[in-house]
Each structure stands twice: as C-alpha cells, then as structure tokens.
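Take a look at the structure set out below.
The values are calculated or read from the model by the stated rules, or taken from the named source; none is laboratory data. In this text the structure is predicted, and so the values were computed from the model without any measurement. As a convention, Cβ positions derive from the backbone with ideal geometry for all residues, glycine included, and neighbour counts pool all protein chains shown. All accessible areas refer to the heavy atoms of the entire protein, side chains included, with ligands and DNA or RNA removed. Shrake-Rupley method; radii C 1.70, N 1.55, O 1.52, S 1.80 Å.
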Amino acid sequence: MPNKRLAWHFEQPERTSNAGFAIAKYEVTGAADTKTTPPIRLYTLPNFVVTAKPLREEIKKMMSFYEERFSAFPWAGINIVQLANNFGGGYAPLSGTFMYRNVFGAKVGGQGYSSFSELTAHELGHQWWGNYVRPLSNGDVSLSESLAEYSSCLYTEIELENRNQLIQDNLSFVYTVGAQDDRPMQATNVYSSPKYVQIIYHKGATVLHMLRHELGDDLMHKGLQVYVANLGRDYAKVKDLRLAMEQASGLDLEWFFEQWWQRKGNIYVEFAGRVETLKDGKYQVKLRVKQLTELAFRFKLPVRITYADGSYEDIDLDVIPDDKDDRIAVLTHTVDKPVRGVRPDRTRKLLRRFIHLTPADVNLDGLVDGADLIETAFRVNRAIVWKNNFFPNRLWDELFDIEPSYRIDADDVDLVVSSAGTTSVPF
Ligand SMILES: [Zn+2]
C-alpha cells in the first residue's frame, strides 16, 4: 500500500471478541510436527529457538493433563507467542497465548521453570475458561481467571508435585487483603478493588481447590466436564458452574457458592484442644472451634492426629453451623492409641487464619510441654514477611507464630518455654 503501510487480514472459523496479534521476526517451533494433536506451534525470537523445543514438550504435557480432566482441546490448534519485551504477564486470546520474553528462556527443571509452568498452565487453561466458556458479566469473571489459576495450581500440584503456587495464592489473599479492599468474588465492582488479583486469582483458585476437597477429584472434574459440555461456545454465569457441579455430584452446593462467591473474607478460627482418657482405655481428641468472623463458615477441616508411637492418621472433621450465628463447635474423635498431638489443616487446604486459645499449646493436646517446644523450635526462621515485603513461605504456619510477627523466631520459642505447664481450660 502507499505510504509504506501494510494491510492484512486473517480468518478463523470461531466467533470471538478475544483476538490478538504480534509482529516480530519469528522462528516457528513445531510447525512441521503433524503427529501432535492439536498442533502446538511456538513463535519465538531467533535466539530462543534452543529453549523453545523442550518447553514445547512441557506444553504438550499440560495439554494432555487438561484434556484428561476437562475436555478435548476445543480449537484446531494453538499458537504460543513470545513477546519481544518483558512487560506484562500473559494474555490468552482464542487459540493463542502471548507471554513475556523471559518466560521462553526457562530451563526445564531449572532456572525460570516454575514461572514458566505457572504462567503457561494458567494461559493454556484460558482456552477452556474464558474462551470456550465465556463469563457473561463482570460478576462472573471468576469463571475465567479463577478457573485458569485453579487449573495451573492443579497442574503444578499433581504433575510437578509442588504445592507452592497453591499455598502462595492462599496466603496472598489472607495476609495482604485488608477489609476495605475486599469484595465478594461475584461482586460486579470486584474490578475496582486494588486487590482484584488477590481476590479473583488467588482467593478464586483456593476456593475452587476447597470445592475439590469437598467433592474429591473425580466429582470435581466430572462437574467441570458437565460445565464445558453444557456451555461450550456460550456465555456462563457463576450459577451455571454451581448447577453443573450439582448435576455431577448430586449434592446441594448452594451453601458453598453463597459462602465463597457472595461473601467477603476467609475462615478465621480460634482453636482449643484437649486429649482425654476414656474409661474404656481409649482416647478422645477434642477440638473446640470458635469462629471469629461475623458470619460462621461451613467447612471440612483436615486434621492430622500424631500418636505417641510416631504413627499418624489424617481425617476430615465437618464443621457445619446450624446458622450463620452458630460460631462454636466442639469436634470429637475417639482413637485407640495415646496421642502426641493434633494439627488442623497441616497442608493449608482451607482459606483460613487460625489462632490458639492457649497460644503455646501448638499441638493442641491441652498441655504446654516439651513437645510444643520441639515443634516450634523446628520451625524457627520461617516467615511470610521479609523486610516489610510479603514473601509467602509454604512451610510457615501462623499456629507457630505465637507472638504474632509473621515470623517464627526466638520470641515464639521463649513464649513456649515461659508457658510450660499451662493447661487449656476444660470445655
Ligand atoms: Zn488469566
């Protein structure tokens, strides 16, 4: 065209309002591979061709991971495109993914690998969540971003055997979102919160993983398959996701969606624990759960019971309030062997903040003793704040941050020592 202008057009058979293009001198990896279905093509700058090849193998793994759980890939193929600079993160139009430059320099299993995996798995998830099934309105944005982040966390947890991403997302919401910035996930003004990412991406992914904990992996993914089958190439509301989950599981999930999509905040619980010897020689573990939130939450509490002989047992105890004002529950569990300690939500499955009524009784057996000291000392130096910056640590747990400072340190150990012999009040 005159004036050195260039005109072009492109066609693809799908209706979408979500398209993107990039202009650079690209090398294409995977263009000649006719065996992989769907075709996966990587568009990289020439000096990234060497790293692109093994990364393409990783993307093939992600693709089959999602196809096993959600549905066959909905489009004729996918183009993974490198941006020439490091601005922004990723963007996923229909059948494409754009990501910032350095992601494509990652070494499999080495430097940059977790950033590559987390971002690519998130963007690839958007082909199902956001492109194939589209959120209808502002209040439904979780159907795009929360599900994409859920998928990415699922991939890193199961395929890479690493729960870092999941736990960092969880801690990020609980410890960085103040009450004034919080919004329900389904609020139409959730975009206007300065903590939009923490609410929709981080809380959203954690909430969906809690739903997975409620339902189990099979029903969770059966539900997502129903959702995709019912609403592919269509617009969806949060209610449609609930109906699909209910259809697959046969359960009433209105309480779960009301609690997590229409309310703000997270579980906030004060625990008291005791272990009592029963007349028949058995032992009863007792946990008193006091909810400190304005409205009580319903949840499945994972508990690890460790026995005096060193063995342990993982159980789930249901906390089901009679109504939203029913904030105190006493949970009991009878066991045959002497108990060394009890640990609620050891792997941080719940979006929660916990404190203890008897702060130094970290193992919740009703007595502050040497076992609490050892457990606390073992965790010294784990922190989620480093020089005023939030720095989530998978192994940090507020139960051991007895003198609250977002850091488990000598002050916490000292507090256990000075509380030795304290017993929890009977309940
Ligand atoms: Zn996204």
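Odds and ends about this structure:
- Any hit, region 358-376, residues being out of contact with any strand residue (DSSP E or B) (no Cβ under 8 Å at 6 or more places or on another chain) and closer than 30 Å to Lys203 by Cβ: yes
- No other residue among Ala248, Ala244 is small (Gly, Ala, Ser), without any contact (Cβ under 8 Å) to a residue 24 or more places away in the chain and open to solvent by less than 30 Å² (accessible area, probe 1.4 Å) apart from Ala244.
- For region 13-40, residues that are open to solvent by less than 80 Å² (accessible area, probe 1.4 Å), closer than 16 Å to Asn131 by Cβ and not aliphatic (A, V, I, L, M) total 5.
- Scanning region 100-109 for residues that are open to solvent by 10 Å² or more (accessible area, probe 1.4 Å) and in a loop (DSSP other than H, G, I, E, B), we see that the one that is nearest to the ligand (Cβ to nearest atom) is Tyr100.
- Which listed residue, of Gly96, Gly112, is surrounded by 15 or more Cβ atoms within 10 Å (Cβ to Cβ) and more than 16 Å from the ligand (Cβ to nearest atom): Gly112
Listed here are the residues, each with its yes/no results for (1) away from the ligand (no atom under 16 Å from the Cβ); (2) in contact (Cβ under 8 Å) with a residue 60 or more places away in the chain; (3) touching a Cys at 6+ places or on another chain (Cβ under 8 Å); (4) open to solvent by less than 30 Å² (accessible area, probe 1.4 Å).
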residue: Tyr132; (1), (2), (3), (4): no, yes, no, no
residue: Asn138; (1), (2), (3), (4): no, no, no, no
residue: Val141; (1), (2), (3), (4): no, no, no, yes
residue: Ser151; (1), (2), (3), (4): no, yes, no, yes
residue: Tyr155; (1), (2), (3), (4): no, yes, no, yes
residue: Asn162; (1), (2), (3), (4): yes, no, no, no
residue: Ile167; (1), (2), (3), (4): yes, yes, no, yes
residue: Leu171; (1), (2), (3), (4): yes, yes, no, yes
residue: Gln180; (1), (2), (3), (4): yes, no, no, no
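- Test: residue in region 196-209 that is of a type in the set (Lys, Arg) and not in a helix (DSSP H, G or I): no
- Across region 299-315, the qualifying residues are those that are among the charged types (D, E, K, R) and open to solvent by 80 Å² or more (accessible area, probe 1.4 Å), and the one among them that is farthest from Phe256 (Cα to Cα) is Asp309.
- Residue match in region 344-352 (condition: under 16 Å from Ile305 (Cα atoms), buried (at least 18 other Cβ atoms within 10 Å of the Cβ) and out of contact with any Asp or Glu (no Cβ under 8 Å at 6 or more places or on another chain)): yes
- Meets criteria (within 14 Å of the ligand (Cβ to nearest atom), crowded, with 22+ Cβ neighbours inside 10 Å and in a helix (DSSP H, G or I)) for Thr120: yes
- Test: residue in region 356-365 that is open to solvent by less than 70 Å² (accessible area, probe 1.4 Å), assigned by TED's automatic domain parsing to the domain that holds Phe297 and not in a loop (DSSP other than H, G, I, E, B): yes
- Hits in region 370-393 - residues which are surrounded by fewer than 18 Cβ atoms within 10 Å (Cβ to Cβ), assigned to a loop (DSSP other than H, G, I, E, B) and at pLDDT 90 or above: Val380, Asn381, Arg382, Phe391
- The residues listed here are Leu124, Leu143; of these, the one that is in contact with a Ser or Thr (Cβ under 8 Å, 6 or more places away or on another chain) and among the aliphatic types (A, V, I, L, M) is Leu124.
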